1. Arranged by the count of other C-beta atoms within 10 angstrom, fewest first, what order do 329, 157 take?
2. How would 331, 206 line up from fewest to most surrounding beta-carbon atoms within 10 angstrom?
3. Which of the peptides 263-270, 307-314 is most tightly packed, and how do the rest follow, judged by the mean count of other Cβ atoms within 10 Å per residue?
4. Based on other C-beta atoms within 10 Å, arrange 209, 178, 251 from fewest to most.
5. Which order do the peptides 183-193, 281-291 come out in when sorted by mean C-beta neighbours inside 10 angstrom, highest first?
């Protein structure tokens, strides 16, 4: 029986020593402070035992208690360190015995750093909230300007619409909810530049047309109207580069001919104003000889013909009357000479 108790106590002592060694290894270095030199304190004198009292034998735990201070005994050569923070509650003996130690807790310096970081982040959180409010107000302003740009585009004020679209795009943030509006604004910018390019093309200003087309394709590289206008402009430029003879209207012979026609028509009108119709007809016939399809000369010749017809009609009527008079006079017999009777004397007045 005594042998079995000795074996049990030996096993308890081994387990207890192993647990203490594990706890020592788990402690941080900051906990390993050299013991302070304490002044020697005289042990109190043992009180005399009362007569008749019996001294209790020491327990088993007291027999196997380890002196922990002996493990940390070091020469006291360093200054007194700052007091260490309160240690976290240790696991029970049975937890360490069966491998269920406490979870590692952050040391005091680490906890102090976390607290300092959280206090330093407070202004940043405030700034981020203000930034969110500012961005929301900026987005609302961008949407308002975008509506104004659409109205200017519908009113065909393309220059003003382009300015407003640029302002709206600068205000609208780049994020998924606003991507559709930004893409629509880019397409509208391409349309405005296309309309400006088309206006320059109609005016024959090809250099400005190219610039506007390039800007439109910069906003929307696949804009169909701008691509078609660019192709048409390229074809016309290629045709212009091909050497061609000067047009007939620009030759010296053609220019001299047009000059003669203008001068002849001017002289014919002047003759018509003074009723010299024969000379006017001569000038207009000269124009017809040069250009038989000249409308002005043909119209004036028709007027001269109408006036001539009226004159000839009047002359014919006058001649007809004269001839009828002559015929009538020729066929009518001559009248007898008139017999003049003598004048009768007035009757005498009978007096009664």
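Nothing in this text is a laboratory measurement; each read-out follows from the coordinates by a stated rule. Predicted, not measured: the structure shown is a model, and the values here were computed from it. Ideal geometry is used to build each Cβ from the backbone, glycine not excepted, and the neighbour counts take in all protein chains shown.
1. In increasing order of surrounding Cβ atoms, one gets 329, 157.
2. Ascending number of Cβ neighbours within 10 Å: 331, 206.
3. Those peptides, ordered most packed to least, come out 263-270, 307-314.
4. Sorted ascending by nearby Cβ count, the order is 251, 178, 209.
5. So the order, starting with the most tightly packed, is 183-193, 281-291.
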